[in-house]
Amino acid sequence: MGRWAIAVHGGAGIDPNLPVERQEQAKQLLTRCLNLGIAALRSNVSAIDVVELVVRELETDPLFNSGRGSALTENGTVEMEASIMDGTKRRCGAVSGITTVKNPISLARLVMDKSPHSYLAFSGAEDFARTEGVETVDNDYFVTEDNVGMLKLAKEANSILFDYRVPLIGCAAVTDSPLQMNGLPISIYAPETVGCVVVDREGRCAAGTSTGGLMNKMMGRIGDSPLIGAGTYASELCGVSCTGEGEAIIRSTLARDVSAVMEYKGVGLQEAVDYVIKHRLDEGFAGLIAVSNKGEVVCGFNSNGMFRGCATEDGFMEVAMWE
């Protein structure tokens, strides 16, 4: 029997002017999700079940950018994506373009468990959800007043907004940003993708990631979160969930690289995470959470902060935002 460990995240990249009230809300949500996962792990729930359980909780709360509270497309609708992976046999499931499924992470789990495929998207994924009897809601359920205001701001600035619910005065903060994505200017670097990684007492690693994507994104845009090896990866060695600039994470296959560095270089989790954050992101900004089959837990990022929390069986628990 090994030691369990769990980590959760709510996005990499935090506005330095984030109101204290918003910071406290984020910490409370991360703490609640950690405690939910801890209780399950103490009851010997498997790693993959704990990941789904915790990410569902994050999707249900509108605070972060997943499920209810997801960022809006250029048309004012929500298109969500999620993925989940069981490291034991490297089984995985992913979905994109989800518009009515209340918990995309659970649909991704069903793709893994109940379909012959690993990835379903848009109408095909929605049809599969109905076939499996998944709980669905109208798209308006996912839309919040805060995000309607953020979309308006993005359109006024003719820019893509990384979803963030911090009041901005005018559009100067948007148009003056030097940040770029694939060589094109973007505005606020503050994505709020959610994720969870777990290793249970049997040494089984699992990971899951869920997001609404970018505010004012083009219809049909797919980020790193549903891409196995980019936003999510789990193997017999570790489980990894990423967050941040999706295009940079995709180019670097960030999550898979952590496992690959451990496997090919024979290094531990901390060294592998440090290596990929330093050498694989080029000029992109991102973060990740990871656990190993030895019960280790590591958080790494090169942005100015990351919403994160972690806990281990030996009693360690931390919820943090900044370095």
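The values are calculated or read from the model by the stated rules, or taken from the named source; none is laboratory data. What you are looking at is a predicted structure, and each value in this text was computed from that prediction instead of being measured. Reconstructed Cβ throughout: ideal geometry from the backbone, glycine too, with neighbour counts over all protein chains shown. Calculation scope for accessible area: heavy atoms of the full protein, side chains included, ligands and nucleic acids excluded. Shrake-Rupley method; radii C 1.70, N 1.55, O 1.52, S 1.80 Å.
General remarks:
- Screening GLU283 on (1) outside any loop (DSSP other than H, G, I, E, B); (2) open to solvent by 40 Å² or more (accessible area, probe 1.4 Å); (3) under 30 Å from LYS152 (Cα atoms) shows it passes everything except condition (1).
- Residue tally, condition touching a Lys or Arg at 6+ places or on another chain (Cβ under 7 Å) and among the small types (Gly, Ala, Ser), over the stretch 122-149: 0
- Candidates are the residues of the stretch 88-100 that are open to solvent by less than 10 Å² (accessible area, probe 1.4 Å) and either assigned to a loop (DSSP other than H, G, I, E, B) or free of Cβ contacts under 8 Å to residues at least 60 places away in the same chain (or both); the one that is nearest to GLY231 (Cα to Cα) is GLY93.
- Test: residue in the stretch 261-277 that is at pLDDT 95 or above, in a loop (DSSP other than H, G, I, E, B), touching a helix residue (DSSP H, G or I) at 6+ places or on another chain (Cβ under 9 Å) and open to solvent by less than 30 Å² (accessible area, probe 1.4 Å): yes
- Qualifying residue in the stretch 305-321 (condition: more than 26 Å from PHE64 (Cβ to Cβ) and in contact with a Cys (Cβ under 7 Å, 6 or more places away or on another chain)): no
- Checking ALA26 against (1) farther than 23 Å from ALA108 by Cα; (2) open to solvent by 10 Å² or more (accessible area, probe 1.4 Å); (3) of a type in the set (A, V, I, L, M), the condition it does not meet: (2)
- Residues being assigned to a helix (DSSP H, G or I), touching a residue at least 60 places away in the same chain (Cβ under 8 Å) and of a type in the set (D, E, K, R) - total across the stretch 42-87: 2
- Here VAL258 does not qualify as within 30 Å of PRO19 (Cβ to Cβ), at pLDDT 95 or above, touching a strand residue (DSSP E or B) at 6+ places or on another chain (Cβ under 7 Å) and not acidic (Asp, Glu).
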